[in-house]
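Have a look at the structure below before the remarks.
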């Protein structure tokens, strides 16, 4: 290297970088002026017969598509005029506006062709901006949702497709009555009517939508009816509704359709198809401390039911999956107090169609030295997990850890997961002994959190790995916790200490709604054994309290109304049984089809 190219070592210590932002804007402005003044242009792009003089250098700098065209050994590299196919001239003018100025305009009328052009020319910013614009404007006009849904499916724009699906599911009746609904392909129609998430009050709405779609082009679509019918849930229709469909002119005209319907209503697996979301009601699952019972309650809707667990062993834990499947974990029927190192626990899934508990695969549990275990059952990242706090003295020293197993609902098999070692001990100065700590377990999205007053751990279900998190001082020992969004709400046994953990910021803070609890709300007086649950997107709290008039224990429920920034007590059904005077936390929430609970062991 020449001496002039070498920089003295001492001066390098004081080197600084400077950026002239005005130069950057000025440079781009000058390039735009060159384009407006038609200066230094060296190539003409032709789109739909319209000519656009441009600069090869600018085009190549902005677009990988043009860079490849003008730098590789392609014919266009030597041509003065290049014809671009499959582009709209008006849209290409908008593209050139972005290339030369960084500015472009998007509307509902040009967003789709603009996305196509940006995708073709590999302009990532324009393409991604169009995607975001479509997501923000789904449903702005009643006709655009189906149109965007079809577009997103063709071009695999997943975020737009997902948003369109959500809008269609929540507004199916409105969408099905639109003219655009009839433009769906048969596969798109089947995809929509197959989902549980449809917010409809009755299944006949789906059948009426299918009829309308077929009639729109009867000759071309009638032969599709036999492959569409299996996606209508006849188990949610009355016998009169099914009979009326069998007599419908479309069904009678196509001999195969009536046969399909008769075969479907006789298949047992078809009879177990889930109700649509719009037919279900969110219910909190409360269980009693003193009896083997589970109670489903929605105070605002005035709904209350009881699920009997008398035909299963003692319930140790319960959980609800994202699909609203209800599971309980029980002692095995042949459980003994023997000092074996391992025992089996039984897993049961609730079948709401048959109103019964179905036994699944048993799970092994480590018993340690015989000290009481603490079992947990949680859903995280689409999987069901069993966790048990275990004390072990087999090594000569007392160890405490949380054992964990993962349940695969598709294979009905359990798989071992890595355990997490716990501190788990605190010294009782009065008795001069070591006391076992309690740990709170809660799931949030794909994570499982375990914490006491001194330590906190997080399990990432996607990575299958435990992380130890920093636990600040002066955190109380919590007995209940629930996740709502990115926050985990916690409280201690007498409800005197309440805090919130934010999973994004990974920090604890005091919640304004909790601070208002101390401002004279009578239903928090002399409360204990709190249990949180999130029902209809609102934070609810169930408490065991002392009835001042009778002197007996009672149960109270309240919820936080964020719009009014206040706590409100809820009137409980008069049929609430005495077993619910003390509730066991946690209280998961499931979407339930209430007509199934009008018979059997359930009662209002």
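The values are calculated or read from the model by the stated rules, or taken from the named source; none is laboratory data. Values in this document were obtained by computation on a predicted structure and should not be read as measured data. With ideal geometry, Cβ positions are generated from the backbone for all residues, glycine too; neighbour counts draw on all protein chains shown.
Here is a yes/no grid of residues against (1) surrounded by fewer than 16 Cβ atoms within 10 Å (Cβ to Cβ); (2) part of a helix (DSSP H, G or I); (3) not assigned by TED's automatic domain parsing to the domain that holds residue 247:
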position: 165; (1), (2), (3): no, yes, yes
position: 189; (1), (2), (3): no, yes, no
position: 205; (1), (2), (3): no, yes, no
position: 209; (1), (2), (3): no, yes, no
position: 214; (1), (2), (3): no, yes, no
position: 223; (1), (2), (3): yes, yes, no
Going by the conditions given, is residue 505 part of a loop (DSSP other than H, G, I, E, B), at pLDDT 80 or above and within 22 Å of the chain's Cα centre (by Cα)?
yes
From 181, 234, grab the single residue that is without any contact (Cβ under 8 Å) to a residue 40 or more places away in the chain, buried (at least 18 other Cβ atoms within 10 Å of the Cβ) and within 19 Å of residue 593 (Cα to Cα).
234
Report, by residue number, each residue of the range 144-163 that is surrounded by 14 or more Cβ atoms within 10 Å (Cβ to Cβ) and not in a helix (DSSP H, G or I).
157
One residue from 348, 335, 353, 295 being at pLDDT below 80 and within 26 Å of the chain's Cα centre (by Cα):
353
All but one of (1) assigned to a helix (DSSP H, G or I); (2) touching a helix residue (DSSP H, G or I) at 6+ places or on another chain (Cβ under 7 Å) hold for residue 200, so report the exception by its number.
(1)
Looking at residue 284, is it at pLDDT below 85, closer than 28 Å to residue 570 by Cα, in contact with a strand residue (DSSP E or B) (Cβ under 9 Å, 6 or more places away or on another chain) and not assigned by TED's automatic domain parsing to the domain that holds residue 183?
no
Based on this model, can you work out whether residue 62 counts as surrounded by 18 or more Cβ atoms within 10 Å (Cβ to Cβ) and touching a residue at least 60 places away in the same chain (Cβ under 8 Å)?
yes
